[in-house]
Amino acid sequence: MQYSELSPTIRKILEALPDPVAHEAAAPMLPRECYTSPEFFEFERTVVFPRSWVCVGREEQIPKAGDFLAPKIGIEPLLVVRRGDGTIGAMSAICRHRGLVIATEAGSTGRAFRCPLHYWTFDLHGNFMGAPYLESREDHECLRENSKLPEVRLENWHGFLFVNLDPDAAPLAPSLAKVEPFWANYEDADLVAVPPTPGDTPLPWNWKVHAENFTDAYHPEFVHRGTHDFAPSVHDEGGVVFTPMSGTDNAIVRTVPLMQADGGMTDAGWGPEAAFPAIETLSPEQRKRLTFVLIPPSMTIIFAPGAVAYQLITPVGAEATLASNDRVTAGGWLLPRSTRERNDFADRAATVREGAKKIWLQDIPVNLGIQAGKKSRFTPDDAHYVPLETTLIQFNAWLLRAYRAAVPSP
Ligand code: FES
Ligand SMILES: [Fe+2]
């Protein structure tokens, strides 16, 4: 999209934003409208998200040829499919006949996708296969050449499937390089995925409020009394550690200590008697810390001694966000197979869910309060951030960069 095609409202907001280059690693709070304006949300949904790497799920969710996911990126319905050769690809879900969405829900389709409206068929690579009542063999040949479902870029990052509608987007993996050290030793443990139950009730706040709540190291000591003290941001022997942010990073990372090795989620929040046993392949240091990773705009990861817990975020409105994880819905874990196959796994998963929900119930009122404040004329235009809010400042830098990259100014 060209800058000149933007509405005056969006242009006015963008023109008031600070220069992302001058704030490559740290940026001030964005104007309130970025969190409340339906028009600005449409800008994000139609211009920004389609240029971002968006996580749509895990490779384990589509184990067999023909298994597919049906995510929507911004307003674009896609098919993410396991092909006959075992590879995974992504393509538009829009039928090349008259544009029906071929599938809106994940499923399994055998060797071909069949559009429900007039039964045109496409193979697992999106190639046109056939259409009923075509006039001639030439028609068929012509369609075969011209009616492929457009391919969309996909990267498989540690089993997480990311898509990007922008053919010119920089590759994902280098932009997540700073997360790599945190994966060390986890994948030696024969991890299996327990995908999260998809959220179906929008949370009444902007997706950025949701992301900020996850990445904020300043609030746990106050909001999460009793549930988070075991993983403190402030501690005499060293608390939270941030990582530097560069202009090409797509991850915002912080780690905090655990008061005792091998702690994790209990029925009362973070604590010493973790419901998921510690992963034996991890180093002693890894068994004493939690690492929180925000990968905007679509996912978060927590590396814990017993599990990798992940969340998928789907923005659906200026003040409507779907979240899928153990706090809001259920599941969203990578676990050693030995944990997943325990006889008491269901009980342990329920315990984790109970503790995670307690943390979440503490977050709900503050998210509601922040969202409400974004509508007030008295909300400060520029927050005075403290050092514990380094990740929020980094997130602002990511947003500025994403907005500027989506629509270069004239
Ligand atoms: S719209 Fe898909 S077959 Fe007609
Ligand atoms: Fe919180």
**Selected residue (only one of 215, 291, 243 is over 18 Å from the mean Cα position of the chain (by Cα) and surrounded by fewer than 22 Cβ atoms within 10 Å (Cβ to Cβ))** = 243
**Request:** Please work out if residue 199 is surrounded by fewer than 22 Cβ atoms within 10 Å (Cβ to Cβ), of a type outside the set (Lys, Arg), more than 15 Å from ligand 2 (Cβ to nearest atom) and under 28 Å from residue 346 (Cα atoms).
**Result:** yes
**Message:** Of all residues being outside any loop (DSSP other than H, G, I, E, B) and out of contact with any strand residue (DSSP E or B) (no Cβ under 8 Å at 6 or more places or on another chain) in region 158-179, which is surrounded by the fewest Cβ atoms within 10 Å (Cβ to Cβ)? Just the residue, please.
**Reply:** 174
**Residue pairs meeting the criteria (Cβ under 7 Å; at least 6 apart or on separate chains; first at negative phi, in region 272-293; second basic (Lys, Arg) and not in a loop (DSSP other than H, G, I, E, B))** = 275/348; 276/348; 278/287; 292/254
**Asked** If you take the residues in region 71-101 that are within 16 Å of ligand 1 (Cβ to nearest atom), over 25 Å from residue 207 (Cα atoms) and part of a strand (DSSP E or B), which one is least open to solvent (accessible area, probe 1.4 Å)?
**Response** 91
**For residue 121: the one exception among (1) within 30 Å of residue 279 (Cβ to Cβ); (2) among the β-branched types (Val, Ile, Thr); (3) free of Cβ contacts under 8 Å to residues at least 24 places away in the same chain** = (1)
**Message:** Just the residues that are part of a loop (DSSP other than H, G, I, E, B), more than 9 Å from ligand 1 (Cβ to nearest atom), farther than 19 Å from residue 72 by Cα and open to solvent by less than 70 Å² (accessible area, probe 1.4 Å), please, taken from region 102-131.
**Reply:** 110, 127
**Fill in**
Going through (1) open to solvent by 30 Å² or more (accessible area, probe 1.4 Å); (2) touching a Gly at 6+ places or on another chain (Cβ under 9 Å) one by one, residue 347 fails only at (2)
**Prompt:** Counting only residues that are open to solvent by 60 Å² or more (accessible area, probe 1.4 Å) and either modelled with pLDDT of 95 or more or among the hydroxyl-bearing types (Ser, Thr, Tyr) (or both), how many does region 137-157 have?
**Reply:** 4
**Asked** What about residue 134, is it modelled with pLDDT under 95 and assigned to a loop (DSSP other than H, G, I, E, B)?
**Response** yes
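The values are calculated or read from the model by the stated rules, or taken from the named source; none is laboratory data. Keep in mind that what you see is a predicted model, and the values were worked out from it rather than measured. Don't worry about glycine lacking a Cβ; one is built from the backbone with ideal geometry, like all the others, and counts go over all protein chains shown. Please note that ligands, DNA and RNA were not included when accessible areas were found on the heavy atoms of the full protein model with its side chains. Shrake-Rupley method; radii C 1.70, N 1.55, O 1.52, S 1.80 Å.
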